[in-house]
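Heads up, the thing below is written out as structure tokens.
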Amino acid sequence: MLEGKEFIQKSLELNLFFGRIMKEHMTFIQVSLPIKNSNYILEADELKRSFEGVLFETVEVANGAIAKESIDSNELVTPFTLDAERILEDLTGVCINKDLTLAELQLVSDPDFKFTPSLENYVFDLNNRYINLMQETIDFKERLSTQFRDCDIFMFIYPSMLHHLIEEGQFYLNTLFRLQERRKITEDMLKKEIFWDEIMGEHAQYIRGLLDPSEKKLFQVADSFAELFEKLLKETKETDKKDICKITKKNFQATKEIKEFKGDSTEGIIQCKIKSIINPLLADHTLREANRYLRVLREYLKKC
Ligand SMILES: [Fe+2]
Ligand SMILES: [Fe+2]
């Protein structure tokens, strides 16, 4: 059973990672909708602000409490995040709360931190607030997705990418439910690897599809990652529980490689050296998702 320090740390780390991911999904939706849908742009903006509010609170509570590994993994913020936000704000006019990013960049891990029962209760309530916000967010994304599918609205993202944002939201929500039931986060490792392999493969496809047609070399790299993760996804689905370590090692190696590619791409986009319609925060966002997956894999590999 998950309790005390472990429950507090796992909850705070999960919310810091996915809370930001969800707030950024709202930003991506905002900049992808035509002005005709200003009602939806405003709805996304409100949800984004709700996430920013609860994230501020989470950062305050998490300072000192979270593990050093979660800070060092660059899954919460990367050295590119602040620049990416500034550029996206400048180019689109969308509002991004950068004080939150600055606060996240200053997060520390304190080995003498006191994990009290009252903090545990507080975190349990905080998780419930994220659950409520997530239910609202998933409902919003699903409404958009249905209308997009029926061609009642138009968006400047792929329909399958909107579906990808829903899948990530559902994965986060399910993880929150499991945490509240005090179930160990290392359970069902194969299911997690199936989820993340799919996500990594889709990122490679989206990068491929959003690059300028002149970026032929990058096309090939992105395509090869899409193929690699498709192969690994199939293999992971066919893996027997007793062979988890073998596939986890393979997934770890592939994710390390795609993380390098995403890091270089984010830097290239920020420096205006890559021609694409990928916004810099989206590039950094997919890099953080790879960093998170790497940490999940690394943590499991300790048992292998
Ligand atoms: Fe995402
Ligand atoms: Fe993603």
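The values are calculated or read from the model by the stated rules, or taken from the named source; none is laboratory data. All values derive from a computational prediction rather than experimental measurement. Cβ sites come from the backbone with ideal geometry, for glycine too, and all protein chains shown count toward neighbours.
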Quiz prompt | Evaluation of residue 187 against (1) free of Cβ contacts under 8 Å to residues at least 40 places away in the same chain; (2) assigned to a helix (DSSP H, G or I) (one fails), failing number | solution = (2)
Practice problem: Among the candidates 18, 28, 56, 51, single out the residue that is of a type in the set (Phe, Trp, Tyr), surrounded by fewer than 18 Cβ atoms within 10 Å (Cβ to Cβ) and under 18 Å from the mean Cα position of the chain (by Cα). | Solution: 56
Quiz item: Which numbered condition trips up residue 92, out of (1) surrounded by fewer than 18 Cβ atoms within 10 Å (Cβ to Cβ); (2) under 26 Å from residue 67 (Cα atoms)?
Solution: (2)
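Need at least 2 residues that are among the acidic types (Asp, Glu), farther than 23 Å from residue 13 by Cβ and touching a residue at least 24 places away in the same chain (Cβ under 8 Å) per element, so show me which helices (runs of 4 or more DSSP H) inside region 209-304 make the cut, counting only ones lying wholly within it. Working first, answer last.
Details: elements: 216-238, 244-270, 280-301.
The helices (runs of 4 or more DSSP H) meeting that bar are 244-270.
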Quiz item: Given the residues 28, 51, which is the only one that is in a helix (DSSP H, G or I), within 14 Å of ligand 1 (Cβ to nearest atom) and touching a Gly at 6+ places or on another chain (Cβ under 6 Å)?
Solution: 51
Exercise. Please tell me if residue 38 is assigned to a helix (DSSP H, G or I), out of contact with any helix residue (DSSP H, G or I) (no Cβ under 7 Å at 6 or more places or on another chain) and away from ligand 1 (no atom under 16 Å from the Cβ).
Key: yes
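Taking residue 172, is it farther than 23 Å from residue 253 by Cβ, within 12 Å of ligand 1 (Cβ to nearest atom) and hydroxyl-bearing (Ser, Thr, Tyr)? Can you show your working first?
On the way: farther than 23 Å from residue 253 by Cβ: yes; within 12 Å of ligand 1 (Cβ to nearest atom): yes; hydroxyl-bearing (Ser, Thr, Tyr): yes.
So residue 172 fits the description; yes.
Just to verify a result, which residue in region 185-202, among those that are more than 19 Å from residue 130 (Cα to Cα) and away from ligand 1 (no atom under 16 Å from the Cβ), is surrounded by the fewest Cβ atoms within 10 Å (Cβ to Cβ)?
Just the residues of region 185-202 that are more than 19 Å from residue 130 (Cα to Cα), to begin with: 186-202.
When the remaining residues are screened for being away from ligand 1 (no atom under 16 Å from the Cβ), the result is 186-191, 193-194.
On the way: 186: 13, 187: 9, 188: 13, 189: 20, 190: 16, 191: 12, 193: 27, 194: 18.
Looking at the filtered set, the residue picked out is 187.
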Self-check item: Matching residues, region 5-21, being within 15 Å of ligand 1 (Cβ to nearest atom) and of a type in the set (A, V, I, L, M)
Solution: 14, 16, 21
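Being among the charged types (D, E, K, R), in the same structural domain as residue 163 (by TED's automatic domain parsing) and within 16 Å of ligand 2 (Cβ to nearest atom) narrows it down to one residue among 6, 24, 43, 52; which is it? Steps first, answer last, please.
On the way: 6 fails: within 16 Å of ligand 2 (Cβ to nearest atom); 43 fails: within 16 Å of ligand 2 (Cβ to nearest atom); 52 fails: within 16 Å of ligand 2 (Cβ to nearest atom).
Exactly one residue qualifies, and that residue is 24.
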Quiz item: What tally of residues in region 139-159 results from selecting those that are within 13 Å of ligand 1 (Cβ to nearest atom) and not in a loop (DSSP other than H, G, I, E, B)?
Solution: 1
Exercise. May I ask you to list the residues in region 142-172 that are of a type outside the set (Ser, Thr, Tyr) and either in contact with a His (Cβ under 6 Å, 6 or more places away or on another chain) or closer than 17 Å to residue 12 by Cβ (or both)?
Key: 165
Practice problem: State whether the residues of region 10-21 include one that is acidic (Asp, Glu), in a helix (DSSP H, G or I) and closer than 30 Å to residue 109 by Cα. | Solution: yes
Practice problem: Report the residue count in region 215-229 for those that are within 13 Å of residue 265 (Cβ to Cβ) and of a type in the set (D, E, K, R). | Solution: 2
